[in-house]
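The values are calculated or read from the model by the stated rules, or taken from the named source; none is laboratory data. Source: prediction; values computed, not measured. Cβ atoms come from the backbone with ideal geometry, glycine included; neighbour counts cover every protein chain shown. Ligands, DNA and RNA are stripped out before the accessible areas are found, and what is left, the full protein with its side chains, is counted by its heavy atoms. Shrake-Rupley method; radii C 1.70, N 1.55, O 1.52, S 1.80 Å.
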Amino acid sequence: MLIVVVIIAIFGAGLLDLNLRKKYNIPKNEKFMDQYVGIWHFALEIYLCFMFLSFVTINVFEQKTLYSVLFAFIMVLFLVRGLLEFWFRKEKRRHIISFTYVVLCAICSLAIAVIM
């Protein structure tokens, strides 16, 4: 059942990404570092990843809870990215896609928690 939720999420994210980029004329990132507002944003996301890995390593979770926590973490990453893009790069409108991914990750996290 988890595979079905993940496949639907990836397929839905791809469709939403294409439609939003076309509708709002949002360019794709040319380089990897284009997705970050600054080097401090990159450092913040690395720090959040290490915090998440240490949290998951210290605590023992059931499989269902672990996947819900994973999607919640990805949701937090996209929320931080969306807020920073909204505050500092509003004219590029990439925050629209980031906030869409926040909603999609929240739906996936809830679906895994409820269905499994």
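Below, the figures for the structure above:
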item: Length-normalised contact order for the chain - Cα pairs under 8 Å, 6+ apart - percent; result: 36
item: Rounded to the nearest 10 Å², the accessible area of residue 103 at probe 1.4 Å; result: 90
item: Residue 29 paired with residue 11, simple spin-label distance in nm, labels 7 Å along Cα-to-beta-carbon; result: 2.6
item: Label-point gap, in nm, between residue 42 and residue 22 - each point 7 angstrom along Cα→Cβ; result: 3.3
item: Net lengthening on full extension, residue 2/residue 58 (0.36 nm per residue, minus Cα-Cα); result: 17.8 nm
item: The range 1-93: trypsin sites (Lys or Arg not before Pro) in DSSP coil with no more than 14 other Cβ atoms inside 10 Å; result: 28, 31, 89
item: For residue 8, solvent-accessible area (1.4 Å; no DNA, RNA or ligand), Å²; result: 110
item: Probe 1.4 Å, all protein chains present, accessible-area order of 4, 114, 37, largest first; result: 114, 4, 37
